[in-house]
Amino acid sequence: MDRKFPRAIERQGRQPASPAGRPVQILFSTALQHHQAGRSAEADLLYCQILAADPRHADSLHLRGLIALQNGRADLAVSLIRQAIGINAGEALYHANLGSALWKQAHAGAAIAAYRQAIALKPDYLKAYLNLALVCLKTGQPQEADVALRGLLARKPDSPDAYDALGTARKQQGLLDDAISCYRRAIHFKSDFVDSWNNLGAALWQKGVLDQAVASYRRALDLDPRYIQGHFNLGVAMADMGRLDDAVACYRQALLLDPTHADACNNLATVLKQQGRLEEAAALYRKAVELSPDCAEAHSNLGIVLLALGEMPAGWEEHEWRWQTPQMRGARREFLQPQWRGEQAAGQTLLIHAEQGFGDTLQFCRYAPLAAARGLRVVLEVQAPLVRLLRRLPGVADVVAHGDELPPFDCHCPMLSLPLAMGTTMATIPAATAYLDADAAEVAAWRTRLGAMACEGLRVGVAWAGKSRTHTHGLAAVDRRRSMAPATLAPLFDLPGLTFFSLQKEGGEAASALPLLDCMHHVRDFADTAALIANLDLVISVDSAVVHLAAALGKPVWMLDRFDPCWRWFTGRTDSPWYPTVRIYRQSEPDDWDTIVSRVAADLVLRSEQRNPEPAG
């Protein structure tokens, strides 16, 4: 809103008299003095007296509109300012403030039109250019904002506000280097510009220059220690750098300054979860949900923590919010057929569709036979590399690859919504020892191939990394924590009586110098990998699809798990209710793979000795 007060309009001849007999011009001058001094109630009363004497006094209508806007009455403000424009449509100030009132009403298109009209009437109206740009930025129109801001800068090249907004416009367009340059220009013209220091930090963080981002955030906080968003953003950067205690301190400071900061609650809970403090995380996620009941991310995160704590009924319910998070919203399937939620539907065709990673599909496909046992005809839609393997799943009528034409169906269910539909609790997890199998002919072919190799003692398959998910910042960070460098496993390879096979499909070339037999170039899909695993004695892997595949086949699996495990592995246990053949080796400190590998090495020696005991003397 432009707070500039217009000069009283000069009138010809005698001024109309007010009800008290005073000329309108004198009343208007007095009203302006009250208004400028912040005495809006007194000013409004005088504007009303003026309008009683002269209903077409446009300035009084306009200024009454500003008072209404300041008091949260955007509807009245729009009405009054439009009346003023009806009397004097050539006043640019009226149109600019109409734009502000319309924006308060969330009428973005009308607000943009009003600002553009103000600029048309007054091409050097700098505030109107800026407000037009800000509304465009708020409504996802960065190119239009860019045009308006370049118009402003052509008239005032040293405007820090314009450069700050232009930085945001460039950032929204993915032009990070341009954005950083613009924020630096804003700071050049206004060195204590707190918002620009903060925005510069955000752009540097997005570019991955974390040290410089932290320095920018700290500068913003030096200038204003009570800058709520500065503490929050610094917490984000600290969490990304793995400085979790510092991140906790930043988020707590943000909440101290603003206890209603729902994002700070959510992020603090996420860091506490990463530290293994699940009960505290659950309480904070609940607080975030209370503060922002429609925050899908907080609901979804709460669901994940509840599942990790074994509170499955509530956890599955909250987990359904995942479809409204930015990460999953675009993947939601909008079928005309209804979602199956466990109701009786015998004789109907149920489409179960995969929704996330290979491991999720391998874990939750176990529900397909259970649905078939309820009398439904089950069709699976899964990732193409899983089609051949899952065609062997009992009770499944058809399996199609994602992207292929779907057969007719009556209802559908996302794969990770099946536990909710079937009312899964800790006591009712369907945990058959083996629910998948490999093709016998392919198993035999792999037996022949491995038999031609120099394989002595136990055959052990290893995988050290999950599939990279660089498209999502959060998932990429998880991938870094759940994976290890292949050389970390080197102590295992010196143990006698063991032959190691690589099960690493992505990035396997990184282990070329290690004593591994690598047959993965023969593997086309998961059916091939299953046939290979069927010929092994043991699988050792980080948390990846390999774990799910081997465990679903009933093979012994030793899973090497990160400090902050995925919800499905729960906490404080070395077994898995989902997979009876899984043994979990957990980090006791973040990134401490060496201790885990040492424990695995000791257990491998025992396992080898049990299989091949020394002859009696």
Only Cα pairs under 8 Å and at least 6 apart count here; give the relative contact order of the chain as a rounded whole percent.
7 percent
Rounded to the nearest 10 degrees, what's the angle between the helix 473-482 long axis and the longest principal axis of the chain, both from Cα atoms, 0 to 90?
30 degrees
If each Cα of the range 440-611 is one equal point scatterer, what is log10 of I(q)/I(0) from the Debye formula at q = 0.11, 0.14, 0.20 Å⁻¹?
-0.43, -0.72, -1.54
Farthest toward positive dipole pole in the chain [+1 Lys/Arg, -1 Asp/Glu at C-beta], among 418, 327, 382:
327
Placing +1 on each Lys and Arg Cβ and -1 on each Asp and Glu Cβ in the chain, then taking the dipole about the Cα centre, the residue among 498, 533, 62 whose Cα reaches farthest towards the positive end is 62
For residue 378, what residues show an amide H to amide H distance below 5 Å, using hydrogens built from the backbone and excluding near sequence neighbours?
350, 397
So if I take the centroid of the Cα atoms in the range 493-567 and the same for the range 164-208, what is the distance between those two points in Å?
46 Å
What is the magnitude of the charge dipole of the chain about its Cα centre, with +1 placed on the Cβ of each Lys and Arg, -1 on the Cβ of each Asp and Glu, and no other charges, expressed in debye to the nearest 20?
1880 debye
The chain: calculated mean residue ellipticity at 222 nm from DSSP helix runs of at least 4, using -39500 (n - 2.57):
-16000 deg cm²/dmol
Angle check, please: helix 108-121 long axis (alpha carbons) against the longest principal axis of the chain (alpha carbons), in degrees 0 to 90, nearest 10.
40 degrees
Decide, for the range 211-281, between rounded, prolate and oblate: order the square roots of the alpha carbon gyration tensor eigenvalues as a ≥ b ≥ c, take rounded if a/c falls under 1.5, and otherwise choose prolate if a/b is larger than b/c, else oblate.
oblate
Inter-part gap, Cα centre of the range 82-138 to Cα centre of the range 210-261, in whole angstrom, is 36 Å
Amide H neighbours of residue 353 under 5 Å, at least 5 residues apart or on other chains, H built in the peptide plane: list them.
381, 413, 415
Defining a contact as two alpha carbons under 8 Å apart and six or more residues distant in sequence, what relative contact order in percent does the range 349-428 show?
41 percent
Given Cβ point charges of +1 (Lys, Arg) and -1 (Asp, Glu) and nothing else, what value in debye, to the nearest 20, does the dipole of the range 81-153 about its Cα centre take?
140 debye
Just how large is the dipole of the range 440-611 about the Cα centre, in debye to the nearest 20, putting +1 at every Lys and Arg Cβ and -1 at every Asp and Glu Cβ?
380 debye
DSSP loop GluC sites (Glu not before Pro) with at most 14 other Cβ within 10 Å excluded, longest remaining stretch of the chain:
11-333
Contact order normalised by residue count of the range 440-611, Cα under 8 Å, 6+ apart, percent
24 percent
Kindly express, to the nearest 10 degrees and within the range 0 to 90, the angle between helix 194-207's C-alpha long axis and the longest C-alpha principal axis of the chain.
30 degrees
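Bear in mind these aren't lab numbers, they're just calculated from the coordinates by the rules spelled out. Small disclaimer: the values here were computed from a predicted structure and weren't measured. No Cβ is skipped: glycine too gets one built from the backbone with ideal geometry, and neighbour counts run over all protein chains shown.
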